[in-house]
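Quick note: the coordinates plus some simple rules give every number you see, no bench work behind them. Computed from a predicted structure; not experimentally measured. Cβ atoms come from the backbone with ideal geometry, glycine included; neighbour counts cover every protein chain shown.
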Amino acid sequence: MNVRFYVWQRLTAALMVPLMLVHLAIIFYATQKGLSAADILARTRGSIAWAVFYGAFVAAAAVHAPIGLRTVLAEWTPLRARARDLAAVAFGILLLVLGLRAVAAVALP
Amino acid sequence: MIARRLAHRASPLWLAALVHRLSGLALAAFLPLHFLTLGLAIEGEAQLEGFLRWSDRPIVKLSETVLVFLLVIHILGGLRLLVLENFAWLDGQQRLALLAAAVSAVVAFGFLASVF
């Protein structure tokens, strides 16, 4: 892994630690009452705070996960460097697009 | 010769690195599905509600419990690495890795208890 990827992976990891803890707390809170779409959307729809929170989460995950995937592909598969990098970038774009779509789905009024 | 080359695999810290990698891969595989599920709300609340009711099945709850375990062990394993790389060396890395696994198991059981 080169230094740039290493730094980005660690930075996004550090950013996601507090986000993950909040997310875990919400998972426990929401599932205890029994998950319902009405409850989820009542909490998130029209909320700029939740949109920013989950938007940042998605952006960080879309950087963090592909870097890890790239390392695993490099060490565990015979893929050539170009194919490995393309796969990692494609996965990052997939996460970003699907993630932002999900944020829009639950946060837009 | 081979035994000597594989000797490091008996180390709990090698196992911790493997668990961190495998949990990361599992979470990466889960994320697109998670996003697609939430994206159902674009089509309306009823679509998301329909999926949530489908996910009330025990097998789905058990799968979610495994995911919570993987999420917590990946966070704690990552935190251990961040601390290891950025702060003064802490002795007892093996104990910290074991603690991460234990806390993950407790949180996962807590989740299991809260959903059943």
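Below is a table of values for the structure above.
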{"item": "Relative contact order of chain A, pairs being alpha-carbon contacts under 8 Å that are 6 or more residues apart, as %", "result": "39"}
{"item": "Helix-only mean residue ellipticity at 222 nm for the protein assembly as shown, each DSSP H run of n ≥ 4 adding -39500 (n - 2.57), per residue, nearest 500", "result": "-29000 deg cm²/dmol"}
{"item": "Sparsely packed trypsin sites (Lys or Arg not before Pro) within the stretch A:1-96, loop by DSSP, other Cβ within 10 Å at most 11", "result": "A:R80"}
{"item": "Neighbourhood charge, 14 Å Cβ-Cβ cut-off, centred on B:L81 and excluding it, Lys, Arg +1 and Asp, Glu -1", "result": "+2"}
{"item": "Cleavage-rule hits (chymotrypsin sites (Phe, Trp or Tyr not before Pro)) in the stretch B:1-103: DSSP loop, at most 13 neighbouring Cβ within 10 angstrom", "result": "B:F87, B:W89"}
{"item": "Rg/Rg_ref, the stretch B:32-115, where Rg_ref = 2.2 N^0.38 Å and atoms are Cα", "result": "1.47"}
{"item": "For the stretch B:42-57, 3J(HN,Hα) per residue [Karplus equation, 6.51 cos²θ - 1.76 cosθ + 1.60, θ = phi - 60°, Hz, x = Gly/Pro]", "result": "4, 7, x, 4, 4, 4, 5, 4, x, 5, 4, 5, 4, 7, 6, 4"}
{"item": "Translational diffusion of the protein assembly as shown, µm² s⁻¹ [Kirkwood Rh, Cα pairs; Stokes-Einstein; 10 °C; 1.306 mPa s]", "result": "84"}
{"item": "Spatial separation of Cα centroids for the stretch A:84-109 and the stretch B:37-116, in angstrom", "result": "20"}
{"item": "Exercise: per-residue mean of other protein chain Cβ atoms within 10 Å, A:101-108", "result": "6"}
{"item": "Per-residue ³J(HN,Hα) for the stretch B:58-68, Karplus 6.51 cos²θ - 1.76 cosθ + 1.60, θ = phi - 60°, Hz, x for Gly and Pro", "result": "x, 5, 6, 4, 5, 5, 5, 5, 4, 5, 4"}
{"item": "Residue mean of other protein chain beta carbons inside 10 Å, B:43-50", "result": "4"}
{"item": "Length-normalised contact order of chain B in % [C-alpha pairs under 8 Å, at least 6 apart]", "result": "34"}
{"item": "Under Karplus coefficients 6.51, -1.76 and 1.60, residue-wise ³J(HN,Hα) of the stretch A:56-66 in Hz, glycine/proline x", "result": "5, 4, 4, 4, 5, 5, 6, 9, 5, 5, x"}
{"item": "Kirkwood-based Rg to Rh ratio, chain A, C-alpha trace", "result": "1.06"}
